[in-house]
Amino acid sequence: VTAASALVLIIEDDSQTRRFLRASLGGYGWRTAEAEAGKPGLAAAQNLNPDLIILDLGLPDLDGVAVVRSLRRQGECPILILSARDQERDKIEALDAGADDYLAKPFGTGELDARLRALLRRTARRAGGDLFTFGIIQVDIARRRVLRSGEEVRLTPTEFRLLALLVRNAGLVVTHRHLLREVWGPEHVHDSHYLRIYMGQLRHKLEEDPARPRFLLTEVGVGYRLLAGPE
Ligand code: CA
């Protein structure tokens, strides 16, 4: 699936935002469908089988986080949530409930397009392709190898698991809770200091200037994002 053929379902109650999304996504070659509330959105997700879903968190009929949970019960379709500034907690809850990434309003159309592409790329990566490159770093997930300018970098098993999880979600935010649960286990979901330590180690080994990371980015209060390389 490419942007030219992918169908994006927009679930958003504000008609102006819907119009803006429809026009800008159309300009980037995406096909769109729209629902103006949670319930019709869930029905449309089931009937239209979209490739991606854009979900506004503030809907008139259903709680946005509840919509994420219902969508997840229906299937695996990637969900990008749109959040307002006063929805920080909802945003993190929605991500932990299974949403794949977020954009805070207001956002630029170029950024929206890039996020949607990152979501599609991840779906494609799950189907195959185990090599991932960012900057001078090459990661081979299947062989558990990391190269820096062609030289092997030694990572501890924990460092590798953390990096692999970010690679699998390249371009997308991964929440603290998700990283801690997947890498250290469910009993450690509150041990955020592990992440600070291990992200520091990864940056030291993989970033040219660990103090100013270009790829292993912090999303303050939410989690981390590995910047997706150019296509
Ligand atoms: Ca709204």
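The values are calculated or read from the model by the stated rules, or taken from the named source; none is laboratory data. All values derive from a computational prediction rather than experimental measurement. We place every Cβ from the backbone using ideal geometry, glycine too, and count neighbours over all the protein chains shown. With ligands, DNA and RNA removed, areas are computed over all heavy atoms of the protein, side chains included. Shrake-Rupley method; radii C 1.70, N 1.55, O 1.52, S 1.80 Å.
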Checklist outcome for this item: Just one listed residue, out of T32, T2, is hydroxyl-bearing (S, T, Y), at pLDDT 95 or above and more than 16 Å from the ligand (Cβ to nearest atom), and it is T32
Item to check | Residues of the range 80-93 that turn out to be in a helix (DSSP H, G or I) and either open to solvent by less than 50 Å² (accessible area, probe 1.4 Å) or touching a residue at least 60 places away in the same chain (Cβ under 8 Å) (or both), as a count | outcome: 4
Item to check | Total residues in the range 34-66, condition open to solvent by less than 50 Å² (accessible area, probe 1.4 Å), closer than 20 Å to R22 by Cα and without any contact (Cβ under 8 Å) to a residue 40 or more places away in the chain | outcome: 9
Item to check | Contacts under 6 angstrom Cβ, first residue in the range 149-161 being over 15 Å from G200 (Cα atoms), partner outside any helix (DSSP H, G or I) and open to solvent by 40 Å² or more (accessible area, probe 1.4 Å), 6 or more apart | outcome: S149/I136
Checklist entry - Which one of the conditions (1) away from the ligand (no atom under 12 Å from the Cβ); (2) within 14 Å of D61 (Cβ to Cβ) does G38 fail to meet, given that it meets all the rest? => result (1)
Checklist entry - Of all residues in the range 67-79 being part of a helix (DSSP H, G or I) and at pLDDT below 95, which is surrounded by the fewest Cβ atoms within 10 Å (Cβ to Cβ)? => result R73
Checklist entry - Residues in the range 110-118: is at least one without any contact (Cβ under 8 Å) to a residue 24 or more places away in the chain and outside any helix (DSSP H, G or I)? => result no
Checklist outcome for this item: Of the residues in the range 64-103, those that are within 12 Å of the ligand (Cβ to nearest atom) and either more than 17 Å from the chain's Cα centre (by Cα) or not aliphatic (A, V, I, L, M) (or both) come to G64, V67, S83, A84, D86, Q87, D90
Next on the checklist: Going residue by residue through the range 141-155, is there one that turns out to be closer than 29 Å to I54 by Cβ, open to solvent by 60 Å² or more (accessible area, probe 1.4 Å) and touching a Leu at 6+ places or on another chain (Cβ under 9 Å)?
Outcome noted: no
Checklist outcome for this item: Selection from the range 131-180 of residues of a type in the set (K, R), more than 27 Å from L82 (Cα to Cα) and either touching a Pro at 6+ places or on another chain (Cβ under 7 Å) or outside any strand (DSSP E or B) (or both) yields R143, R144, R154, R161
Checklist entry - Which one is least open to solvent (accessible area, probe 1.4 Å) among residues in the range 10-29 that are within 12 Å of the ligand (Cβ to nearest atom) and of a type outside the set (A, V, I, L, M, F, W, C)? => result E12
